[in-house]
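This report refers to the structure that appears directly beneath it.
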Amino acid sequence: MKNIIKLLILLLVAASCQEGYIDDIKPVQPGADESAPEVTIGYPSTAVVLIPFTEESTQINFEFEVKDDIEITSISVALNGSPLTTLDSFKDYRRVAAAHLSETLPIGDYTVDVTATDASGKSTTKSYDFEISNVYQAKYDGEILYMPFEGDVYLDLLENISATKVGSPGFAAGKSGRAYAGATAGYLTLPAADVINDEFSASFWYKVNAVPDRAGILTVSPPDPTNNNRTSGFRLFREAAGAKQRIKLNVGNGTGDNWFDGGAAADIDAGSDWVHVAFTIAGDQCTVYINGNVASQGAYPGVSWANSDVLTIGSGAPNFTEWGHLSDLSLIDELRIFDKALTQEEIQQIVEDN
């Protein structure tokens, strides 16, 4: 019985083939080679390839894609006129996506050329000019100061200005690379005139050390016999709130000051890992953010910068010390200052980028 069933199946298959139910495989001619290859350079994709300011050279992984209507026979890559590599064997002869890692290249200007040739001898060359640089360019709109603390230097990469070191602050492992590490009686200063504007924002990563239980973090204050003149500039500082540390902002308006204290929303656990802190001073409103979320916000009549000459990083000193807001022994990393009031979306983007 089983043999009879098998025989019937074979007969049905044979009949189906004879009646044309299964198409024969026929070769198709590729047609005329009408077009030259198309070349796309995927990387570098920007005019400046930025490397850390502590480095003098880097490798470049050149990425490119070639398409042809019939057949690609060869692809060559050259840098500043000198050959780098030639490819002539491909799994797919109509589309090739490939890359070539260069030798170590020093800072300087370069032109990469990718030339593709097809089976009929037609060729296409695509060129891209780029620069390898270790000179930092502003990453965000309105950014006017950037201190990453890499290379164990207190350098603003945008203005190439080193902060003045007071006492013995140091460095430690940061949110990214290295970070500023506070020390007793230690802090950094920069001329406030380089960074203050009618609108102002600051952004940084912060790893709190709750000892001492209060400290200045970022301040611009006018000198005064009491070391507590709050009618101009601003003071971002922290104070104990039970077992936590509370971030507070005070801004001078010319005749008085305005407080932006978010209460529990601005509290940081004493043993917490890195948190992102930012604040904005707009024309009529100030906002403090913790990890991209609003911790405190309110209206005020506008900032005054009268007699505010010094930006201090890591302390309330020298001009805001009456209430014990001295040096902060915490870690600070990726400090950025802006000449605009950042939106919450812009701050959240900075948080996501790190």
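Some points to look at:
- Kirkwood hydrodynamic radius computed over the chain comes to 24.7 Å, based on all pairs of distinct alpha carbons.
- You can think of it this way: the chain between A47 and S82 has 10.6 nm of extra reach, that is 0.36 nm per residue less the Cα-Cα gap.
- Placing one equal scatterer on every Cα of region 149-197 and applying the Debye formula, the log10 ratio I(q)/I(0) at q = 0.29 Å⁻¹ is -1.13.
- The phi-based Karplus calculation (6.51 cos²θ - 1.76 cosθ + 1.60; θ = phi - 60°) puts the 3J(HN,Hα) values of region 249-258 at 10, 10, 10, x, 10, x, 10, x, 9, 10 Hz, whole numbers, x for Gly and Pro.
- Counting only protein heavy atoms and a probe of 1.4 Å, the accessible surface of region 64-129 is 47% carbon and sulfur.
- Sorted from longest to shortest, the spans of the Cα atoms of region 64-204 along the three principal axes equal 75, 33, 25 Å.
- Among 130-139, 228-237, 91-100, the order from most to least packed when residues are scored by Cβ within 10 Å on average: 228-237, 130-139, 91-100
- Heavy-atom surface of the chain, accessible at 1.4 Å and reported per residue (Å²): 49 Å²
- Taking 0.36 nm per residue of separation and subtracting the Cα-Cα distance, full extension of the segment from D152 to D269 would add 39.4 nm.
- Full extension of the chain segment joining Y93 with E63 gains 9.0 nm, where the gain is 0.36 nm per residue of separation less the Cα-Cα distance.
- Pairs exceeding 25 Å between alpha-carbon atoms, taken from K139/K175; K244/K340; K207/K248; K139/K248: K244/K340; K139/K248.
- Expressed as a whole percent, the accessible area of region 243-286 that falls on carbon and sulfur atoms is 42 (1.4 Å probe).
- Percent accessible area from carbon and sulfur atoms, region 159-224, protein chains only, probe 1.4 Å: 47 percent
The values are calculated or read from the model by the stated rules, or taken from the named source; none is laboratory data. Since the model is a prediction, treat every value here as computed from it, not as a measurement. Positions of Cβ are backbone-derived with ideal geometry, glycine not excepted, and every protein chain shown enters the neighbour counts. The area values use the complete protein model at the heavy-atom level, side chains included, leaving out ligands, DNA and RNA. Shrake-Rupley method; radii C 1.70, N 1.55, O 1.52, S 1.80 Å.
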